[in-house]
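> Following this message is one structure expressed as structure tokens.
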Amino acid sequence: MQYRRLGNAGIKVSVLSFGSWLTFGSRQAVEQSIECMGAAYEAGVNFFDNAEVYSGGQSETVMGEAIKELGWARHSYLVSTKFFWGIHGESAINAHWTLNRKYLMEAVDKSLERLGLDHVDLIYCHRPDPETPIEETVWAMSDIVASGRALYWGTSEWSADEIRAAWEIAERHHLRKPVVEQPEYNLFNRTKVEDEYRRLYEDIGLGLTTWSPLASGLLTGKYLDGIPEGSRGESVKWLQDLLTNPESNEKVRSFMAIADDIGCTAAQLALAWTASNTDVSTVITGASRVEQVHENMKALGVLAEMTPERKEAIDAIFA
Ligand SMILES: NC(=O)c1ccc[n+]([C@@H]2O[C@H](COP(=O)([O-])OP(=O)(O)OC[C@H]3O[C@@H](n4cnc5c(N)ncnc54)[C@H](OP(=O)(O)O)[C@@H]3O)[C@@H](O)[C@H]2O)c1
């Protein structure tokens, strides 16, 4: 495993990390989730990503159980969670699709209870909230960090302008600043990471924990001939059009030829491609089975193959 600083922050994250979206608490038995986390940790992963909304809180409960059962020393891993959607449904007007102070303060305590931890390492505003002033959210996130319930905070899928505005409010009031953004980043979605956020890397030292490196499995080539049984595509209906798009799958077919040429799997090449961007602090991987964790964790062995010529060939496919 390799480790990178989270932007300008003092902590280091493993270049490949592990998240629990659409797996923990929903599609996996608890034992499978624990097995996957254990395999990731054994491979050197030190960052485990979660969110309040994943499986309505169940994902945090399962991750908490895993941490307890695996018996890891607290200094050896980082855990995150994220807030925005809430888990009490639309009727909870102050705890649904919001970043207001009351919601954030109460939500973090409940997440800690589910995780069985006295602090999480990172908390994120899972989406921007146009109805809460950024200033209110910045004060709340900063206060949570100041209280010791979280150590760092950041955003997910905010615009560069929103992140910059939050940072400036924190600077002006001597508050804890956002240090990290969590955007989607894979061969089909590059604009935010490569263009929009570019000015923030040096300017405010923004770190990145990027998600869906395999575009939900599309980049593995498993959807070339339709939706395989037991896959994410089978269970998550709203992803089906994206995963079976013929044009995308033709690109994946050409991409697989490059992986063949190198002697790795398409999943490993896609992960290595993402990790080869050094603006990315960590690539959050996901897996429904432990075999996928074993395969994916070997991706850094392919990093040396990411030559400028190869990157150009990959760019040409996905242009
Ligand atoms: N901040 C946000 O808004 C946000 C949004 C999404 C995700 N995330 C975070 O990012 C993490 C990773 O996202 P993701 O799960 O979408 O990542 P991904 O790597 O794009 O997709 C992971 C899925 O692809 C399939 N897969 C993984 N490795 C494979 C392999 N070697 N061969 C074949 N299939 C393989 C598995 O699904 P099947 O086996 O079921 O097909 C697995 O669950 C999440 O767990 C979460 O922590 C954050």
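> Quick one: dipole size for the chain, taken about the Cα centre, charges +1 on Lys/Arg Cβ and -1 on Asp/Glu Cβ, in debye to the nearest 20.
500 debye
> Here is a follow-up. Positive end of the dipole of the chain, charges at C-beta (+1 Lys, Arg; -1 Asp, Glu), about the Cα centre: which of Cys264, Pro213, Val79 has its Cα farthest in that direction?
It is Val79, whose Cα lies furthest towards the positive end.
> On to the next question. Any idea what the alpha-carbon Rg over 2.2 N^0.38 Å comes to for segment 219-319?
That ratio works out to 1.08.
> Where both residues lie in the chain, what percent of DSSP beta bridges are antiparallel, nearest 5?
15 percent
> May I ask you to give the average projected area over all directions of the convex hull of the Cα atoms of the chain, in nm² rounded to one decimal?
Seen from a random direction, the Cα hull of the chain projects 15.5 nm² on average.
> Hey, what number do you get for the chain at 222 nm if only DSSP H runs of n ≥ 4 count, each worth -39500 (n - 2.57), divided across all residues, to the nearest 500?
Dividing the helical sum by the residues of the chain leaves -12000 deg cm²/dmol.
> Kindly give the semi-axes, whole Å and largest first, of the ellipsoid equivalent to segment 88-191, taking each as the square root of 5 times a Cα gyration tensor eigenvalue.
Ellipsoid half-lengths, sorted descending, are 20, 17, 16 Å.
> Same structure, new question: Quick check on packing: order 306-316, 25-35, 155-165, 76-86 by the mean number of other C-beta atoms within 10 Å, highest mean leading.
By packing density, highest mean first, the sequence is 76-86, 155-165, 25-35, 306-316.
> Still on this structure, please answer the following. For segment 7-88, take the alpha-carbon Rg, divide it by the Kirkwood Rh, and send me Rg/Rh.
Checking Rg against Rh, the ratio lands at 0.97.
> Just name one of Val293, Ile317, Leu303: the one whose Cα is farthest towards the positive end of the charge dipole of segment 277-319 (beta-carbon charges, Lys/Arg +1, Asp/Glu -1).
Val293
> Then there is this: Using 0.36 nm per residue, how much length does the chain from Arg27 to Thr278 gain when fully extended, once their Cα-Cα distance is taken away?
87.1 nm
Read the figures in this text as sums done on the coordinates, not as results from a lab. From a predicted model like this one, the values you see are computed outputs, not experimental measurements. Cβ sites come from the backbone with ideal geometry, for glycine too, and all protein chains shown count toward neighbours.
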